[in-house]
Structures are given as C-alpha cells and as structure tokens.
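Down below is the structure, laid out as structure tokens.
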Amino acid sequence: MIKMVLSWSAFALYAAASVAALHYLLTKNERASRLMLTFVGCGLVLQFLSFGIHLAAFWAFPENRWFLPINNFFGALSYMSFALAGAFFTIEVRRHLGILGAFVLPMAALGLGLAVILANPELAPLEPKLRSYWLNIHPMILMTAYATFTNAFGVALALLIQERQIKSRTPSELCYRLPSLDELDALNSRIIAITLPILVLGLVMGAVWAYQSSGRAWSGDAKEIMSLVTVGFYAAFIWLRYVSGRRGRTPVYVSMAGFACILLTFFGAGVFSDSHDYLGGK
Amino acid sequence: MKLVCLSWSHRDRVCAAREALASVPVERVLLELKTRGFAEAVAVSTCNRFELYVAGQADQDLAAAGLVAILEELAETSLGPQAEIREDAAAVDHLLAVAAGLDSLVVGETEILGQVKTGYEKAMAAGMTGKRLNVLFQRALFVGKKVRTETALASGSLSVPSVAVQLAETIFGRLEGKCALILGAGAMSELAAKHLAARGVSKLVVANRTWDRAYQLAARYQGEAVKWETFPAELERADVVISSTGAPAAVLTRAIVSEAVRRRGGRSLFLIDIAMPRDIEESVHAIDGVYLYRLEDLEAIVAKNMASRAEAVAAARRIVDAKAAEFAAWARSLSSGPELSLKHADRTDGRVLDAEYPG
C-alpha cells in the first residue's frame, strides 16, 4: 500500500517534472528548470524508498531471498524509469544540458506510469527456473542498458529537431535554446558507444545463464533474435558515425531503429517468446 | 524613503557633460558625497552614460541642484542643464529599465548589467550603500538577469554577420578551435571575418583570385592566405565557409563539396553564400551534414528578429514594471511598517540574492 502511494507520488513528480521541462524549453524560464530538478530529485528519492519496501515484501517469500524483484513488468519498469531519471540527472544536468529534460523525462514518467497504472504489482514466489544469481545479473545489466538507450533516444529526438531547424533555413527561437548540433551529436554517440558494450555484456551473460541451466546458450527464441537485431542497429550506428564518418540524419535514424527494437523486445516478449515470457507475470 | 537619480545618457545630443563626468573616478564622487554627509549613493559610469543614485530618509532634503553642483565641482566644469532628474518611483523604474538594457543605445545589450554591478560594488566597497540601495541594486541586477533569460530581448541578432555567427554557434557550439575559410576578399568578406574572429574562431584562411588582397585581409586578422587554386583542398579543414567572390558562375559545386565531405570525417560544414550571382550551388544543401545559407536567408532571419524584438521589449517592460511596483510597496512599508519581506524568489548566477542587507 505505502509502496503504491510512493510509486504513484514518484510518477506524479516525474510527470510534473516533464511539464516543467517542457515549459523551460519553450520559455527558458529559470524557475521552471529549478522546479524540474527538484521534482526529479524528489521522485528519485520516493522511488528509492518504494523500491526498498517492494524488496522487503518480495523477500518475505523465503525462496525469493537475495533475488532482485525485477521478474515482472512492475519491477522492471520501475527500475528502468529510476535508472533513466538517474542517468538524466548524472549526464545532462552535470553537463548543463538540463534543457534536454523535455525529451528525456516524459519517457521516465511514461515508464513509471505504465508500471503503476497497467502492471500488476502483486508479488509471488519466483518460478524455480528463475531462482538463480544470474537473475541479478543478466536482466539488471540489460535494463540498465535499456534505460541509457532511452536517454540516448531523447537526445536523438532533440538532435533531429535541431537538425531540421537548421536545415529549414528558418530556425525558430527553439533552435537557439537547444544545445548545438555538435553537442547533441557528441552526447548521443557517446551514450550509445558506452552503452552498446553493456548491452552485449548483458546478452552474453544471458547466454551463459541459459547454457548453465539448459545446456544450450542459444535457443533461438524471438526475444533473443530481436536482441541481436538491436545490437546490429546500434553497431551500424557506431560504424556509420565513427568509422565511415557520416553525420546528419541517417545515423540518427539508425540509432532510433535500434531503440524501436528495444521497445519491441521488451514489451513484445510476453507475446511471442517462450523462454522470456516471465515479464508478463505468468 | 527618498531617492534621487541624476542621469546623463546617450539621449543628450551634447556629450560634453558626459565626457567631463567620465573622467571623474567613481570613487572620488562617492568619497565627496560621504564627506558631505550623504549616507547612501551609487554611481554608474560607462562610456555613454553617467548616473548617480542617492538615497536617504523620507524627510531628508536631497536637492538635485545641490548634487549637480557637487558633480560640477569634481568635474571642474559646468554640466549644463541636461541632467535628467528622477525621484522616487520614477528613479526606481529608471534603474530597473537601465539594468534590463531597455535604456541602452542598442536595446537589450548585456554589458550594461555588468556595469551596473560594478557601480554597485564600488559603492559597497566605499561603504556608501545601506539598506535602501542594497535592496534596490540587488533587485535591479536580479531584474536584469531575469529579463535576459526570460525574454528574447538579448537573443536574436539584428545584423547579417551576427546572425551568421549565431547560426554557426547553433551548429558547432563554441567557435574556439574552429576554422573559417573566406572565399573572396571584398568588404562583405572582411565584415564576416571580423565577426568570426571576435567570436573566437581560431583559424581564418583567406583565398582570393588576387593574391595580394587575400594576403592583406589575412594579415589584418592574423589569418592565413592561400592560393585560389587550392581552396577545394582547404574545405577539408574548414568548418565555416563564407563566399563572396565576384565570379560569374558557382565556384563551390556539388562535386567539390561532396568530395570534401567524404574527407572530413563527418564534421558538419556551414556554408554562407553572400555573393550575387551565387558562388555555391544550391544542391549542396541536400548533402547530409552540410548547411548552406544564402544572403536572403540571413536577411529573412534579421527581419524576423527585428519584429520579435518589439514583442520582447514589451515583455521586458512588463517585468520591470512589476518588479518596480514590488519595490515601491517595500519602500512604503519601511516608513509605515511592518516591513514587507522582499524575497527575490529567483537566483542570479546560482547565488541567492537574498543576502543580509546591512544597515
């Protein structure tokens, strides 16, 4: 109960922070930017508390002890929105690019909103096949990577808008408020360059887990195939951006295709995957 | 409280008084006023403005004529009848407008805010600020910052070269470390070179059909002159290209630009064509990462900025009026009590302006 109140409050704070961030983007009102930061900070604290309560309840089942409660949509989405808001705080705010909150924070609010509104927060003992220390490793690494890629997607949106503004030859006031094209491009590429190895590491850990539990590293289910496609898109972005030296829209579209794959992998898993269907809470 | 403001500004057609006052150090003015028993005074002295603010108790006699006489003594000349004299609410309103840049020759310029701050700091150092002027000047600095962040008064350049520089900054961020290539060595090229150099462009390369003129222009801005034939190769290192040659046909063709883009490792390229007939083929704008602006594009942006400037002035005026009214209420509460708390809810430069007001 308290957990849901805390989560709902955190969701309200992220939503309010998103509104403040949009207002800041449109008016450059400094007060809105400070409100945005305060809301995000408070939201992070509440979410952290909520996670503690969630964890205590999860561990009340003896068979769940020491495993992280990310085995359903509620746990996974809460964690990812937390990681996303946290990443925004540590990356953009520290580099004085808080104006990008308008692109990143709505996604944190949306993630947590889906968790509190749609997902089932009920806890149950873990299925036997998930009672493994790998549960704390494989999905955690991947979800952290997803959260950071979501951040990159927000930056990429800003980058596309800025690119269009400058290409249009009739830039609006927004153009002068957003960070420069070079800054956005550097941020987007750097986040992706750092996160891609994390994604690959998470996938390899999954293969090791599968090998230990079933003797097969690769079972060819839809989620595994989609993950490889995701890696392919982000690797193509890295190649376009750093090796072939392409700039402008094309690499950005490729990175966005990678993000679309992540969404499909994450939300579609319950529908078309057998060994990864646990997120649906079945 | 009582407040008097004397000001000589760019509105005076005769600048003799301003010149005479500019030669008197602010510190001397403050010292003189102090020895004559004035408790609170701040002087703001810039190259086209001299302002003196003196505050005292509500019943104190702060005759403007007396203050002018003191200044005349210090300047050792007659200052004439041009001083604009404002009292109380009008003086407060004037100071806030000055800090906001509304009273400047170039409306919205940002330098004045720093000059007001300097004037205030000198007065503080001289022990000539008390509760009234501390609150008033901190409020003025706060309003100046607020107007600049919340209105478009300071943004939106009003000339073609400065619009070009501003666009370059939306592409590259800071221009330090960037390289500009100037094609043609005419007056327009020189103007562009001057603006780019002022904004920190590290390297200027000039190519012109006549070597001598390229050399002279490059020398004036510590740039480098190159032979006209080699300019396609120079495209590889340039970030901004400004072209204003008198060539009858395009000198930067799509083929030349695509070839250069291939060798640039993906860095953006900003091309500015201010020549008539055009120097740069229109089709290069379609290349990924290449941004071509022509003279009429820049002029259209200038025209748009001119139009929005008027709106920004009105918005800035509203902020100034609101903050002046708040200050007036506070000043009234000083004598009628209880004293209102005049919290500046916003911060300036990350520092809370809500400092302790001594006095």
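The values are calculated or read from the model by the stated rules, or taken from the named source; none is laboratory data. These numbers were taken from a predicted model, which means no experiment stands behind them. As a convention, Cβ positions derive from the backbone with ideal geometry for all residues, glycine included, and neighbour counts pool all protein chains shown.
All conditions but one from (1) modelled with pLDDT of 90 or more; (2) among the hydrophobic types (A, V, I, L, M, F, W, C); (3) surrounded by 15 or more Cβ atoms within 10 Å (Cβ to Cβ) apply to A:A210; the one that does not is (1). Here A:L110 clears all of (1) over 14 Å from the mean Cα position of the chain (by Cα); (2) at pLDDT 90 or above except the condition numbered (1). Would you call B:L196 away from chain A (no Cβ under 13 Å) and either among the β-branched types (V, I, T) or surrounded by 20 or more Cβ atoms within 10 Å (Cβ to Cβ) (or both)? So B:L196 fits the description; yes.
For region A:116-165, the tally of residues that are farther than 19 Å from A:A87 by Cα and not in a loop (DSSP other than H, G, I, E, B) stands at 16.
What number of residues in region B:238-252 are under 35 Å from the mean Cα position of the chain (by Cα) and farther than 22 Å from B:K194 by Cβ?
Residues of region B:238-252 that are under 35 Å from the mean Cα position of the chain (by Cα), as a first pass: B:238-246.
Filter once more, keeping what is farther than 22 Å from B:K194 by Cβ: none.
Residues meeting the conditions: 0.
Residues of region B:23-47 that are without any contact (Cβ under 8 Å) to a residue 60 or more places away in the chain and either among the aliphatic types (A, V, I, L, M) or surrounded by 19 or more Cβ atoms within 10 Å (Cβ to Cβ) (or both): B:V24, B:V29.
Of the strands (runs of 3 or more DSSP E) that lie entirely inside region B:232-333, those containing 2 or more residues that are within 14 Å of chain A (Cβ to nearest Cβ) and either surrounded by fewer than 15 Cβ atoms within 10 Å (Cβ to Cβ) or among the aliphatic types (A, V, I, L, M) (or both) span B:269-273, B:290-294. Scanning region B:161-193 for residues that are within 14 Å of chain A (Cβ to nearest Cβ), part of a helix (DSSP H, G or I) and in contact (Cβ under 8 Å) with a residue 60 or more places away in the chain gives B:V163, B:A164, B:L167, B:A168, B:I171, B:F172. Please indicate, with yes or no, whether at least one residue in region A:188-196 is in contact with an Asp or Glu (Cβ under 7 Å, 6 or more places away or on another chain), within 14 Å of chain B (Cβ to nearest Cβ) and in a helix (DSSP H, G or I). No, region A:188-196 has no match at all.
Of the residues A:L25, A:L49, A:L37, which is within 14 Å of another protein chain (Cβ to nearest Cβ), closer than 19 Å to A:G111 by Cα and in contact with a helix residue (DSSP H, G or I) (Cβ under 9 Å, 6 or more places away or on another chain)? Steps first, please.
Values: A:L25 fails: closer than 19 Å to A:G111 by Cα; A:L49 fails: within 14 Å of another protein chain (Cβ to nearest Cβ).
Criteria check complete, one pass: A:L37.
Contact map, region B:215-236: first residue assigned by TED's automatic domain parsing to the domain that holds B:A192 and farther than 17 Å from B:V290 by Cβ, second residue assigned to a loop (DSSP other than H, G, I, E, B) and of a type in the set (A, V, I, L, M), Cβ cut-off under 6 Å, separation 6 or more or different chains; pairs are B:L217/B:A185.
Of all residues being in a helix (DSSP H, G or I) and surrounded by fewer than 16 Cβ atoms within 10 Å (Cβ to Cβ) in region A:213-227, which is nearest to the chain's Cα centre (by Cα)? Just the residue, please. The residue in question is A:I225. Among the residues of this structure, B:R11 does not count as one that is assigned to a strand (DSSP E or B) and either on the phi > 0 side of the Ramachandran plot or of a type in the set (K, R) (or both). Contact map, region A:241-253: first residue more than 9 Å from chain B (Cβ to nearest Cβ) and under 15 Å from A:L181 (Cα atoms), second residue part of a helix (DSSP H, G or I) and of a type in the set (A, V, I, L, M), Cβ cut-off under 8 Å, separation 6 or more or different chains; pairs are A:V252/A:A156; A:V252/A:L159; A:V252/A:L160. Against the numbered list (1) assigned by TED's automatic domain parsing to the domain that holds B:E32; (2) in contact with an Asp or Glu (Cβ under 9 Å, 6 or more places away or on another chain); (3) not in a helix (DSSP H, G or I), B:S155 comes up short only at (1).
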